[in-house]
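Read-outs throughout are calculated quantities, based only on the coordinates presented, and are distinct from any laboratory measurement. The shown structure was predicted, so the numbers you read here are calculated from the model rather than taken from an experiment. Note that we place each Cβ from the backbone using ideal geometry, even for glycine, and neighbour counts take in every protein chain shown.
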Amino acid sequence: MSPYRLVYGKACHLPIELEHKAFWAVKKLNFDLQKVGSARLLQLNELEEHRMFSYESAKLYKEKTKAWHDKQIQKRELIPGAEVLLFNSWLKLFTGKLKSRWSGPFKLVKVYPYGAVDLLNERTGREFKVNGQRVKQYWGESMARMKITTILSDP
């Protein structure tokens with residue numbers, strides 16, 4: 001049985017001159033085809049074992065990175081009706097010197113179970129859906145209401 005047949009499971013049909021050279025090489029090196037066949041089967045088994053080990057390693061790596069990424073996700077309590085800012089990832093690529101990466105404020109309309117949220121742009125009246133990780137609470141108006149003005153006068 002030829003090594004090609006052991007690997008691919010079918011006979012190899014070579015042109016006559018190549019077949020003659022292959023026969024000459026086997027004859028010259030005095031290969032015992034039974035020994036070579038059993039050695040090749042052993043190599044194939046080792047290769048399969050290595051593949052399984054690599055598969056397990058990749059699976060463990062994937063699980064660890066997923067756990068790490070899941071741990072990095074911040075838990076946010078988003079309440080419908082609240083005002084939020086939206087992270088503009090386009091500005092991450094083309095940064096301006098004093099440009100804010102956050103746009104808004106937008107009104108939060110609905111929170112979906114797996115993190116998506118519906119936002120309403122009150123200026124245009126357009127409603128759109130985004131990932132909940134791209135929004136953060138907007139404190140601008142509430143902070144402005146909480147300001148206390150103290151007038152200092154000379155006695």
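Select from region 54-88 those GluC sites (Glu not before Pro) which occupy a DSSP coil region and have at most 15 other Cβ atoms within 10 Å, ordered by residue number.
GLU77
Per-residue HN-Hα couplings for region 101-116, Karplus 6.51 cos²θ - 1.76 cosθ + 1.60 at θ = phi - 60°, whole Hz, x for Gly and Pro?
Computed from phi, the couplings for region 101-116 are 7, 9, 10, x, x, 10, 8, 7, 8, 8, 10, 8, x, 9, x, 7 Hz.
Select from region 28-134 those trypsin sites (Lys or Arg not before Pro) which occupy a DSSP coil region and have at most 11 other Cβ atoms within 10 Å, ordered by residue number.
Within region 28-134, the qualifying trypsin sites (Lys or Arg not before Pro) (loop, at most 11 other Cβ atoms within 10 Å) are LYS75, LYS97, LYS99, ARG123.
Would you please classify the overall shape of region 93-137 from the alpha carbon gyration tensor, given that a ≥ b ≥ c denote the square roots of the eigenvalues, rounded means a/c under 1.5, and beyond that prolate means a/b larger than b/c while oblate covers the rest?
Values: a/c = 2.70, a/b = 1.53, b/c = 1.76.
Oblate shape, in that a/c is at least 1.5 and b/c is the bigger or equal ratio.
Rounded if a/c is under 1.5, else prolate if a/b beats b/c, else oblate: with a ≥ b ≥ c from the C-alpha gyration tensor eigenvalues square-rooted, which is region 60-125?
Oblate.
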